[in-house]
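The values are calculated or read from the model by the stated rules, or taken from the named source; none is laboratory data. From a predicted model like this one, the values you see are computed outputs, not experimental measurements. Positions of Cβ are backbone-derived with ideal geometry, glycine not excepted, and every protein chain shown enters the neighbour counts. All accessible areas refer to the heavy atoms of the entire protein, side chains included, with ligands and DNA or RNA removed. Shrake-Rupley method; radii C 1.70, N 1.55, O 1.52, S 1.80 Å.
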Amino acid sequence: MAFAVALICVAAKAASSPAGYDSGEPPKHEMRGAWVATVYGIDWPSKAGTTEADAAAQKRELCEILDILKNAGLNAVMFQVRSMSDAMYKSSFEPWSAYLTGTRGAAPAKGWDPLEFAVAEAHKRGLELHAWVNPFRLANGPAPAAAKAATGGKTFNPVEKGWVLSYSKTEKAPAKRRATKGKKKGKSPARVTKTVSILDPGNPEARSHIVEVCREIITRYDVDGLIFDDYFYPDGLPLGAGYDFDRWQKECGSKASGMSQADWRRANVGKTIAAVHEMIEKERPWLRFGVSPAGVGGGNGKATAPYGLNPPEVGNDWMYDRIFCNPLEWLADGSVDYVSPQIYWASDHATNPYAPLARWWDDMALHFGRHSYPSQKVLALPEGENAWREQVSQVRVNRMNSTGSDAGSIYYSTAHISGKKARGLGEYLRERCYYTTALMPPMPWKEAVDPGAVTGLERRGNALSWYPVPDMRYVVYAFPDNLEPLDVLASTGANFMAKYIVAVTYDHTYMLPPDKLQGYWYAVAPYDRYGNEWEAIIIGQ
């Protein structure tokens, strides 16, 4: 028989603890994510191709990755679905990715849609899937030729539309390349030219295209989040004549207008972020929207000054004046739900030590009422105990900087967890950091409606079942018979301790594992897509 525990299991959003979470147990609400890079097949897929055998191998590899991440105690996957204005899904706007099939625009085996598959498989494992989108990047080189969209309808030709901004710069050749070239030709080329092509952030039509691409992703696929990384303007794009100078003059008149060309560029990036956020609020208000900026922010004081805040005490912000973006504005105007700064340095780094940078980002997010989940670079050190110990140290820093319900880390990249390039970190994190299940941090700035407790909860054999609620997940608990409800209450968050969670499920049934069939009582609580856990219902054996 099922019943609600009304007096002790309050149907409320997760509570917060005082700043500086220092409980001996892992926090019940914590982002534990991993970047799955598909560009160049960094993390997945290991082999591109168009045959059914290729698709089957790609599916097996992706399932293996998800299993490893689940077993490591993680709860979210940042799956790269658009790296070069291309698609790892059936896009109506852009062509299939070369990193999936081997050739840009070539279709995979019939019926193979990686994003659809990844969402379904992630949800089977109780993992969130955040679609990782590179908003502006088109090519590391000249703009590619026109190609049919993945669905076979429209032709994607941004050059013809006037959307492309390309920047070439000459720089010193890497030493290894100079030596190799020297052996072949008898001399070493001192410099090489690199070209980057992007969709021009200053072009309103290009910005609208990005919004529509994102709209299709979040409405056609049941993703839990959308995240951008830090490819905005090409690094070091000159100011002044050329490139986007005429467009800036047309829009702003002159420098006397009060908006410099650099400010205008930052505003263009901000407009894109804000437009995507506005679209999400209309289409999927519960969806979590994040951006992963470079690891040092604040514009060296230029970005923090308008808010009376201090820049980081260490490091130098190059993104403000080199790729023209200002994450503080996105936090301040509420355009993002979280940032995941790429703090890709160790704790003892000479100029950019991890802890003070992570603390600064967490302070900024808290100041503006949003979340920060730093990205940690797991390839910064060789495989082994020293590297793993550093990752654990960074997790603890992030927890100490949190309020108790908004901690988090995102790991780059999965190849250094999955065994493709290194192995062992997942088990190490599970043992030392992630030995209890974590729910996602709730977003109190978003209005969530109490769905009420689950109804129709019953047990038949080894199956628990209940009536479903649209767009809802559920937390399933199992408690030894010798414990009473008061013994297992959570100190942070609603309902019960995380150590008794046996599953997070997107389904409305759950098959109890063999070791939980006898000598246990159970509880099921709604867990909405905003990250809130609601009133639990208890059922006996």
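Restricting to the range 85-98, name every residue that is touching a residue at least 60 places away in the same chain (Cβ under 8 Å) and either farther than 21 Å from residue 414 by Cα or surrounded by fewer than 22 Cβ atoms within 10 Å (Cβ to Cβ) (or both).
85, 90, 91, 92, 93, 94, 95
Condition check: outside any loop (DSSP other than H, G, I, E, B), out of contact with any helix residue (DSSP H, G or I) (no Cβ under 8 Å at 6 or more places or on another chain) and open to solvent by 70 Å² or more (accessible area, probe 1.4 Å). Does residue 359 satisfy that? Before you say what the answer is, go through the steps one by one.
Working: outside any loop (DSSP other than H, G, I, E, B): yes; out of contact with any helix residue (DSSP H, G or I) (no Cβ under 8 Å at 6 or more places or on another chain): no; open to solvent by 70 Å² or more (accessible area, probe 1.4 Å): yes.
No; evaluated as a whole, the condition is false for this residue.
Which condition number does residue 314 fail, the rest of (1) open to solvent by 20 Å² or more (accessible area, probe 1.4 Å); (2) in contact with a strand residue (DSSP E or B) (Cβ under 6 Å, 6 or more places away or on another chain); (3) among the β-branched types (Val, Ile, Thr) being met?
Residue 314 satisfies all of (1) open to solvent by 20 Å² or more (accessible area, probe 1.4 Å); (2) in contact with a strand residue (DSSP E or B) (Cβ under 6 Å, 6 or more places away or on another chain); (3) among the β-branched types (Val, Ile, Thr) except (2).
Is it true that some residue in the range 99-113 is outside any loop (DSSP other than H, G, I, E, B), closer than 15 Å to residue 133 by Cα and open to solvent by 10 Å² or more (accessible area, probe 1.4 Å)?
yes
Given the options 423, 399, name the one that is out of contact with any helix residue (DSSP H, G or I) (no Cβ under 9 Å at 6 or more places or on another chain) and of a type outside the set (A, V, I, L, M). Don't jump to the end; show me each part of the working.
Details: 423 fails: out of contact with any helix residue (DSSP H, G or I) (no Cβ under 9 Å at 6 or more places or on another chain).
It is 399.
Among the residues of the range 216-229, are any in a helix (DSSP H, G or I), over 30 Å from residue 170 (Cβ atoms), touching an Asp or Glu at 6+ places or on another chain (Cβ under 7 Å) and not aromatic (Phe, Trp, Tyr)?
yes
Do we find that residue 486 is in a helix (DSSP H, G or I) and either open to solvent by 10 Å² or more (accessible area, probe 1.4 Å) or more than 20 Å from residue 222 (Cβ to Cβ) (or both) in this structure?
yes
Quick check on my filter: what residues within the range 233-248 are open to solvent by less than 10 Å² (accessible area, probe 1.4 Å) and either outside any loop (DSSP other than H, G, I, E, B) or touching a Phe, Trp or Tyr at 6+ places or on another chain (Cβ under 6 Å) (or both)? Working first, answer last.
Restricting attention to the range 233-248, the residues satisfying the condition of being open to solvent by less than 10 Å² (accessible area, probe 1.4 Å) are 233-234, 237, 244, 248.
Correct list: 233, 234, 237, 248.
Is at least one residue of the range 18-41 modelled with pLDDT under 95, more than 20 Å from the chain's Cα centre (by Cα) and either over 28 Å from residue 493 (Cβ atoms) or hydroxyl-bearing (Ser, Thr, Tyr) (or both)?
yes
Would you mind stating whether residue 271 is free of Cβ contacts under 8 Å to residues at least 12 places away in the same chain and farther than 23 Å from residue 33 by Cβ?
no
Looking only at the range 261-284, how many residues end up being farther than 20 Å from residue 246 by Cβ and hydrophobic (A, V, I, L, M, F, W, C)?
Selection size over the range 261-284: 6.
Here is a yes/no grid of residues against (1) surrounded by 15 or more Cβ atoms within 10 Å (Cβ to Cβ); (2) assigned to a helix (DSSP H, G or I):
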{"residue": "250", "(1), (2)": "no, yes"}
{"residue": "266", "(1), (2)": "yes, yes"}
{"residue": "278", "(1), (2)": "no, yes"}
{"residue": "282", "(1), (2)": "no, yes"}
{"residue": "285", "(1), (2)": "no, no"}
{"residue": "296", "(1), (2)": "yes, no"}
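Filter the range 309-367 down to the residues that are of a type in the set (Asp, Glu) and farther than 11 Å from residue 293 by Cα and list them by number.
313, 321, 329, 333, 337, 348, 362, 363 - these are the residues of the range 309-367 that are of a type in the set (Asp, Glu) and farther than 11 Å from residue 293 by Cα.
Hey, residue 147 hits all of (1) at pLDDT below 95; (2) in contact with a Ser or Thr (Cβ under 8 Å, 6 or more places away or on another chain) but one; which does it fall short on?
With (1) at pLDDT below 95; (2) in contact with a Ser or Thr (Cβ under 8 Å, 6 or more places away or on another chain) applied to residue 147, the lone miss is (1).
Quick one: in the range 530-541, of everything that is out of contact with any Leu (no Cβ under 7 Å at 6 or more places or on another chain) and either at pLDDT 95 or above or not in a loop (DSSP other than H, G, I, E, B) (or both), which residue is surrounded by the most Cβ atoms within 10 Å (Cβ to Cβ)?
If we take residues in the range 530-541 being out of contact with any Leu (no Cβ under 7 Å at 6 or more places or on another chain) and either at pLDDT 95 or above or not in a loop (DSSP other than H, G, I, E, B) (or both), then 532 is surrounded by the most Cβ atoms within 10 Å (Cβ to Cβ).
Conditions tested, residue by residue: (1) more than 23 Å from residue 418 (Cβ to Cβ); (2) under 18 Å from the mean Cα position of the chain (by Cα); (3) buried (at least 23 other Cβ atoms within 10 Å of the Cβ).
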{"site": "364", "(1), (2), (3)": "yes, no, yes"}
{"site": "368", "(1), (2), (3)": "yes, no, no"}
{"site": "393", "(1), (2), (3)": "no, no, no"}
{"site": "403", "(1), (2), (3)": "yes, no, no"}
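Can you find a residue that is among the acidic types (Asp, Glu), open to solvent by less than 40 Å² (accessible area, probe 1.4 Å), over 25 Å from residue 162 (Cα atoms) and in contact with a strand residue (DSSP E or B) (Cβ under 9 Å, 6 or more places away or on another chain) anywhere in the range 127-135? Full working, then the answer.
Applying the first criterion (among the acidic types (Asp, Glu)) to the range 127-135 yields 128.
In the following step, the residues that additionally are open to solvent by less than 40 Å² (accessible area, probe 1.4 Å) were identified as 128.
When the remaining residues are screened for being over 25 Å from residue 162 (Cα atoms), the result is 128.
Filter once more, so that each one left must be in contact with a strand residue (DSSP E or B) (Cβ under 9 Å, 6 or more places away or on another chain): 128.
Yes, some residue in the range 127-135 is among the acidic types (Asp, Glu), open to solvent by less than 40 Å² (accessible area, probe 1.4 Å), over 25 Å from residue 162 (Cα atoms) and in contact with a strand residue (DSSP E or B) (Cβ under 9 Å, 6 or more places away or on another chain).
Mind checking which residues of the range 491-519 are open to solvent by 60 Å² or more (accessible area, probe 1.4 Å), over 28 Å from residue 119 (Cα atoms) and assigned to a loop (DSSP other than H, G, I, E, B)?
In the first step, residues of the range 491-519 are kept if they are open to solvent by 60 Å² or more (accessible area, probe 1.4 Å); the result is 491, 497, 499, 507-508, 511, 514-515, 518.
Next, from what is left, pick out any that are over 28 Å from residue 119 (Cα atoms): 491, 515, 518.
Within the range 491-519, 491, 518 qualify.
Could you give me the residue pairs with C-beta distances under 7 Å whose first residue belongs to the range 277-296 and is in contact (Cβ under 8 Å) with a residue 24 or more places away in the chain, whose second residue is acidic (Asp, Glu) and not in a loop (DSSP other than H, G, I, E, B) wherever it lies, and which are 6+ apart or on separate chains?
Close Cβ pairs (under 7 Å, with a partner that is acidic (Asp, Glu) and not in a loop (DSSP other than H, G, I, E, B)) amount to 286/528.
Just name the residue that is most open to solvent (accessible area, probe 1.4 Å) out of those in the range 150-168 that are out of contact with any Phe, Trp or Tyr (no Cβ under 8 Å at 6 or more places or on another chain) and assigned to a loop (DSSP other than H, G, I, E, B).
151
Can you tell me which residue among 332, 387 is aliphatic (A, V, I, L, M) and open to solvent by 20 Å² or more (accessible area, probe 1.4 Å)?
After ruling out the rest, the residue left standing is 332.
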